[in-house]
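The values are calculated or read from the model by the stated rules, or taken from the named source; none is laboratory data. These figures come from a predicted structure and were not determined experimentally. Neighbour counts are summed over all protein chains in view; Cβ atoms, including those assigned to glycine, are modelled from backbone coordinates with ideal geometry. Only protein heavy atoms, including side chains, enter the accessible area calculation; ligands, DNA and RNA are left aside. Shrake-Rupley method; radii C 1.70, N 1.55, O 1.52, S 1.80 Å.
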Amino acid sequence: MFNMIRGDTYRLLHSKGFYITEFLLIILVLTSVLTGTLGTVGVQTESLAKMQDVTSVWNAVKAMKLMTIMASFLIYLILPLFIMTTGFEFSRRSYKNLLSSGMTRLNYFFSKYAVFIMIVCLQFILFYGTTFLGTGLKSGFGTLTANFGLKISQTILLQILFIIAIFSVSILVLFVTFSTITAVTTTIIFPLLIQIMSAIFNKVNWIKYFDFQSIIDNAYFTHLSAQTLTYYILAASGTILICGFLSIYVFKQKNL
């Protein structure tokens, strides 16, 4: 298991695709913080437009707060890394070689999941690290307070949880179909489908708790009650656990 994790990590770090993806992430962040421009994967909202109309200069603290709105871009920047690691053997149909050499299917699954979580955390470190240093060196770092540190830490942890929840559905699809194309399509379609369902069935309250992409972008500025926050965390955690168990079960039962 650990040899496979090392192998996936080595392959990733020696892949041109990895450095191209990280370069694009840095360019996206620097373009936003240096020009004071925010973007969104979905439809631009009135509140987002108002934030961009603010004429005050961004310092590092302010940029960290505002850039939480763009965190859902990481879903699409993680996708190529997801393919290069979790989906690598599936795209080349080489998983049989590993499984026939003595690796159990359970170890195979957890090694892939461990590398994926490492990738997600790395992208968040790069995203917010570039935001903080890029803006700080340009316009100053601002006043770092304990309240800000606690709030931004909670926001980032929630965003990581919700992104893993989205990709847990993709991982389930990957282990069911053995198709990276289907898994990638699921990653893109699933959040949009939930948003559409939430808008159409607006009286069905529980659907909104699975709208992970929206809460990723609004995690810092939306003031959630303790009960509502608990429901969001339970929905994300439940999605991760259920999809994980189903992935393992289906993978064990499949005839390779």
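Obtain the nm distance between the two label points defined at residue 179 and residue 249 by a simple spin-label model: each point lies 7 Å from its Cα along the Cα-to-C-beta direction.
Label-label distance for residue 179 and residue 249, simple model: 2.3 nm.
When the label point is put 7 Å from the Cα of residue 57 along its Cα-to-beta-carbon vector, which residues of the stretch 142-178 have a backbone N closer than 15 Å?
142-143
Starting from the Cα of residue 146, step 7 Å along the direction of its Cβ; do the same at residue 222; then give the gap between the two resulting points in nm.
Distance between label points: 2.9 nm.
How long are the semi-axes of the equivalent ellipsoid of the chain, taking √(5λ) for every eigenvalue λ of the Cα gyration tensor, in whole Å from largest down?
So the equivalent ellipsoid measures 33, 23, 15 Å along its semi-axes.
Comparing 21, 230, 186, which has the greatest mean-square fluctuation in the GNM of the chain with Cα pairs linked when under 10 Å apart?
Among 21, 230, 186, the largest GNM mean-square fluctuation belongs to 230.
If you average 1/r over every pair of different alpha-carbon atoms in the stretch 152-195 and take one over that average, what Kirkwood value in Å do you get?
11.0
Take the chain, connect every pair of alpha-carbon atoms lying under 10 Å apart with a spring to form a Gaussian network, then pick out the residue of 189, 200, 78 with the largest mean-square fluctuation.
Top of the fluctuation ranking is 200.
Nearest 500 deg cm²/dmol is fine: what mean residue ellipticity at 222 nm does the chain get from its DSSP H runs of n ≥ 4 alone, each adding -39,500 (n - 2.57), divided by its residue count?
Theoretical 222 nm ellipticity from helices: -25500 deg cm²/dmol.
Report the rotationally averaged projected area of the stretch 157-242 based on its alpha-carbon convex hull, in square nanometres.
5.8
What residue among 175, 148, 124 has the largest mean-square fluctuation in a Gaussian network model of the chain, using Cα springs under 10 Å?
The residue that fluctuates most here is 148.
Over the alpha-carbon set of the stretch 108-165, work out the extent along each principal axis and list the three values in angstrom, largest first.
Taking the Cα atoms of the stretch 108-165, the three principal extents are 46, 22, 13 Å.
For the stretch 132-188, give the percent of accessible area contributed by carbon and sulfur heavy atoms, probe 1.4 Å, rounded to a whole number.
72
Between residue 141 and residues 5 or more places away or on another chain, which pairs have amide H atoms under 5 Å apart, with H built 1.01 Å from N, and which residues are they?
Amide H neighbours of residue 141, under 5 Å, 5+ apart: 60.
In debye, nearest 20: dipole of the stretch 89-244 around its Cα centre with unit charges on the Cβ of K, R (+) and D, E (-)?
For this selection, approximately 260 debye.
Assuming R0 = 22 Å, can you tell me the calculated FRET efficiency for the pair residue 6 and residue 100, based on Cβ-Cβ distance, to the nearest 0.05?
The value I calculate is 0.65.
Over the chain, give the accessible area per residue in Å² for a 1.4 Å probe, as an integer. Each step should come with its number before you reach the end.
Working: 12850 Å² over 256 residues.
Dividing the accessible area of the chain by its residue count gives 50 Å².
For the stretch 233-254 and the stretch 106-168, compute the distance between their C-alpha centroids and round to whole Å.
First find each Cα centre; the distance between them is then 23 Å.
If you average 1/r across every pair of different Cα atoms in the stretch 210-256 and take the reciprocal, what Kirkwood value do you get, in Å?
For the stretch 210-256, the Kirkwood estimate is 12.5 Å.
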